[in-house]
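Worksheet: one structure, shown below.
Derivation of every value follows stated rules applied to the coordinates shown; laboratory data play no part. Keep in mind that what you see is a predicted model, and the values were worked out from it rather than measured. Virtual Cβ from ideal backbone geometry, glycine too; neighbours counted across all protein chains shown.
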């Protein structure tokens with residue numbers, strides 16, 4: 001029987017790679033040795049001033065923090081939470097944890113206290129490195145988790161002098177960055193630790209087969225699961241990305257990478273931070289998305305590589321001042337997390353002169369597994385072709401055993417060196433997705449005659465809004481806590497800007513009344529901001545199957561039909 005999985009690559013990209021047997025922090029050590037004085041981190045201030053950290057300085061600060069963590073009792077295999085936005089402290093902390101044999105758990109600062117508590121308890125972390133802005137939340141969680149060591153960093157520590165002064169004067173107290181940790185048991189200042197410990201590397205043996213990180217992902221059950229990756233899994237994907245970027249002449253020790261994708265998410269972690277370190281590139285770190293600030297940063301720092309999500313490129317395309325800034329330094333961009341509309345791709349490439357290629361990845365294979373070629377044939381709406389050493393095939397969605405012919409829809413399954421080891425402490429969930437060496441993605445797709453893959457739908461009922469993965473069950477569980485709600489269902493509906501947005505359909509208990517604002521406010525106290533429902537519909541009943549299962553797909557189709565009808569209405 002002819003196999004329908006393919007290994008098809010960009011012109012100039014090898015079909016296979018000889019991966020070095022190194023750890024992630026050894027990549028940093030090698031780069032610091034090769035390019036000691038090259039800028040590793042660019043951290044812009046508010047006034048156009050800049051803080052820069054060289055690779056030699058970065059390596060020394062990583063060693064200092066690693067020695068400090070050992071002094072705090074962190075040992076090989078311990079999980080350490082990073083509750084930080086994009087800032088130098090994140091990069092320093094990440095590699096320091098790895099140097100002591102620890103496991104990095106990157107956490108989204110937008111999570112609610114309830115969501116953090118679940119994650120912290122699941123991974124069993126005893127140490128957290130947190131931005132001062134989120135310190136109060138962590139103090140509330142200490143008694144309900146295993147946390148013992150709290151290392152507090154302040155965003156101003158790496159701001160350039162003038163911006164640091166103005167931040168202290170005008171913003172620090174107002175925004176909640178100023179905290180008093182004096183006398184707090186187990187609590188330490190990030191900068192104090194750096195000052196008191198040696199810049200010499202710690203003597204801890206770490207191998208490519210040791211644990212490197214947990215990337216937490218939700219699921220259709222609403223249970224947050226930690227995808228476990230070894231050093232060699234992540235190293236493989238970094239080298240795959242480097243090979244994919246080679247055809248656009250990505251020069252080692254020279255380039256600049258735009259780092260506005262969150263580093264706490266595996267996409268930014270690999271495509272920005274690790275990719276930059278491997279190539280000796282300077283990463284421009286921006287703590288949050290602000291279109292004007294991104295335009296200014298591109299104009300000033302001349303990044304060549306800009307990983308992002310479609311909403312970012314839409315925002316740049318539509319910004320009224322985009323033409324005032326020189327964006328022509330951009331050579332290559334990967335777009336992930338949501339479908340990339342053709343018109344967005346074409347307009348962005350016209351503005352920048354660079355290549356914007358849609359790709360596909362997931363936390364369980366950190367992070368990219370397919371992408372459109374940088375040169376040669378590309379296809380609109382396609383997630384492209386497999387990376388080197390990645391095998392992809394389409395199987396029937398029911399059993400996952402029958403290979404589907406070219407052009408027919410089935411579940412996308414992958415095999416490659418970056419695939420995770422499984423979910424932390426979740427044996428049954430691991431068995432469901434890892435079968436006979438293949439990772440079952442839960443996404444429905446098809447392959448055309450040229451070996452390009454196209455996502456058709458999600459077997460999992462995940463909502464992707466603005467690049468964030470949102471799982472309906474998480475929202476529904478909160479809605480069911482509302483005393484007036486009888487039944488509730490959450491689902492994604494098309495949104496021109498975010499790709500999808502969250503809508504909820506609610507059946508109230510008999511005799512009760514409620515407003516959309518009341519429901520949203522109730523959720524606001526219990527969910528991260530990006531998960532909040534944007535549309536609330538009250539209904540007398542929900543569509544259900546003969547066995548009583550709510551037919552979420554029916555609601556989605558109803559919404560699409562409504563939107564199509566509005567577009568066809570005259571005037």
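Here are a few things to note about the model shown:
- Cα gyration tensor category, rounded, prolate or oblate, for segment 24-206 with a/c compared to 1.5: oblate
- Segment 81-111 versus segment 204-279: alpha-carbon centroid distance in Å: 13
- Fraction in percent of alpha-carbon pairs per bin - 10 Å, segment 464-568: 14, 47, 33, 6
- For the chain, calculated [θ]222 nm from helices alone, where every DSSP H run of n ≥ 4 adds -39500 (n - 2.57): -8500 deg cm²/dmol
- Most simply put, the chain has about 60% antiparallel DSSP beta bridges, counting only bridges with both residues inside it.
- Based on Cα contacts under 8 Å between residues 6+ apart, segment 464-568 shows a relative contact order of 26 percent.
- Cα gyration tensor shape of the chain, rounded if a/c is under 1.5, else prolate or oblate by comparing a/b with b/c: rounded
- Mean separation of Cα contacts under 8 Å, 6 or more apart, over the residue count of segment 94-203: relative contact order %: 25
- q = 0.15, 0.19 Å⁻¹, segment 318-450: log10 I(q)/I(0) [Debye, one scatterer per Cα]: -0.79, -1.08
- When each of the peptides 132-145, 326-339 is scored by how many other beta carbons lie within 10 Å of its residues on average, the order from highest to lowest is 326-339, 132-145.
- Ranked by how many other beta carbons lie within 10 Å on average, peptides 178-185, 56-63 from highest: 56-63, 178-185
- Paired Rg and Dmax values of segment 260-395, which use every Cα atom, in angstrom: 14.6, 49
- Relative packing of 201-213, 507-519, 163-175, which averages over residues the other C-beta atoms within 10 Å, highest first: 201-213, 163-175, 507-519
- In percent, rounded to a whole number, the relative contact order of the chain is 14, using alpha-carbon pairs under 8 Å and six or more apart.
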